[in-house]
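First up is the structure itself, then whatever we jot down about it.
Each value in this text was obtained by applying a stated rule to the coordinates, not by laboratory testing. Quick caveat: nothing in here was measured; it's all calculated off a predicted structure. For neighbour counting, all protein chains shown are included, and Cβ atoms are generated from backbone atoms with ideal geometry for every residue, glycine included.
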Amino acid sequence: MSSVLAFVALASSIILLFLCLDSWNSGFLGGLSYGQITSAIYLKVSISDFLTLFSARTNENWFWTTAPAPILMGAGAIALSLSTIISCAWPPSYPDGVYTEGLGRRSPQAMALYVWLYCIGWWFVQDAAKVGTFYILKKYNLFGYNDTGKLEMPASALQYIKDNKEKDMSSKKKSGHH
C-alpha cells in the first residue's frame, strides 16, 4: 500500500514541477521564478506528506470515515501552518546553493493557496487509489490478503483484560517493565 500512496505523491509532485517550470511558456501563473518553484515544491511535499498520514491511517476506508486523534490534528495544524509561513516568507537566498524565494514575495501572491488546493485535490486521488487497491487485493486475494485475517479475541479474553488490566499494569511497574 505504501507503494501506491508513494506513486500518487510522486506523480503529483512531478506534474506540479512540470507546471511550474513550464509557467513561462504557457503563461500559467504568469511565469514563476526559480526561487518560487523551489518554495512551491517544498510546500507541496510538506502538505502532501502530511495528508498521506491522514489517508494511510484509515487502512481500506476513505480518510473521512474515522476522525483523526486530536494530537494528530494539532500536530498537523502546527506543522502545515509553519510550512506555509516558511514557504511564503522565505527571503531570497541560496540555502545549500539552491536559489529559494518565498511564494508571497512575488506575483502571484496566492501561489501558496494554489499549492494547497492542488494538494487537496490530489489527496482525494491518492485516497481513491488506496481504497481501489484494497478492493482489488480483497477481490482477487492478491498476496494472500484474505488469508491473513484479523485478530478477533474471544469474549473470555476480553473479559479477562477488562477485569485484570489495572492489576497487570501495576505488577509491570513494580517489576520494572514498562
Looking only at Y135, Y114, Y94, which one moves most when the chain is put into a Gaussian network model with springs between Cα atoms under 10 Å?
Y94
Rounded, prolate or oblate for region 1-89? Axes are the square roots of the Cα gyration tensor eigenvalues, ordered a ≥ b ≥ c, and the cut-off for rounded is a/c under 1.5.
oblate
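State to the nearest 20 debye the size of the charge dipole of region 1-138 about its Cα centre, where the only charges are +1 on K and R beta carbons and -1 on D and E beta carbons. Walk me through the numbers before you get to the answer.
On the way: 6 positive and 6 negative charges, 30 e Å.
Taking the Cα centre of region 1-138 as origin, the dipole is about 140 debye.
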What is the helix-to-structure angle for 155-175, meaning the angle in degrees between its Cα long axis and the longest Cα principal axis of the chain, kept from 0 to 90 and rounded to the nearest 10?
80
Set of aspartates and glutamates with alpha-carbon distance to K139 below 16 Å, sequence-local pairs under 8 removed
E60, D147
How far is the Cα center of region 1-56 from the Cα center of region 61-103, in Å?
13
Run the quick spin-label model on A75 and R57: label points 7 Å from Cα toward the beta carbon, then report their separation in nm to one decimal.
0.8
For the chain, the longest principal axis of the Cα atoms and the Cα long axis of helix 111-139 enclose an angle in degrees, to the nearest 10, of 40
Which one of A69, A112, A155 has the biggest mean-square fluctuation once the chain is modelled by GNM with Cα springs under 10 Å?
A155
Sticking to Cα atoms, compute the Rg of region 2-150 to one decimal and its Dmax as the biggest Cα-Cα distance, whole number, in Å.
17.9, 56
Helix-only mean residue ellipticity at 222 nm for the chain, each DSSP H run of n ≥ 4 adding -39500 (n - 2.57), per residue, nearest 500
-23000 deg cm²/dmol
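Would you mind getting me the FRET efficiency between N146 and F28? Use the beta-carbon distance for r and R0 = 41 Å, nearest 0.05.
Numbers: r = 46 Å, r/R0 = 1.12.
E between N146 and F28, to the nearest 0.05, is 0.35.
So how do K138, K44 line up by other beta-carbon neighbours within 10 Å, fewest first?
Listed from fewest to most nearby Cβ atoms, that is K138, K44.
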I need I71, I85, I47 ordered by Cβ neighbour count within 10 Å, fewest first.
I71, I85, I47
With springs only between Cα atoms under 10 Å, which of E60, E166, E101 fluctuates most in a Gaussian network model of the chain?
E166
Expressed as a rounded percentage, what relative contact order does the chain have, with Cα pairs under 8 Å and six or more residues apart?
24
How tilted is helix 34-56 with respect to the longest principal axis of the chain? Cα atoms for both, answer in degrees (0 to 90, nearest 10).
20
Charge dipole of region 2-150 about the Cα centre (unit charges at C-beta), most positive-ward option of F143, L29, L43
F143
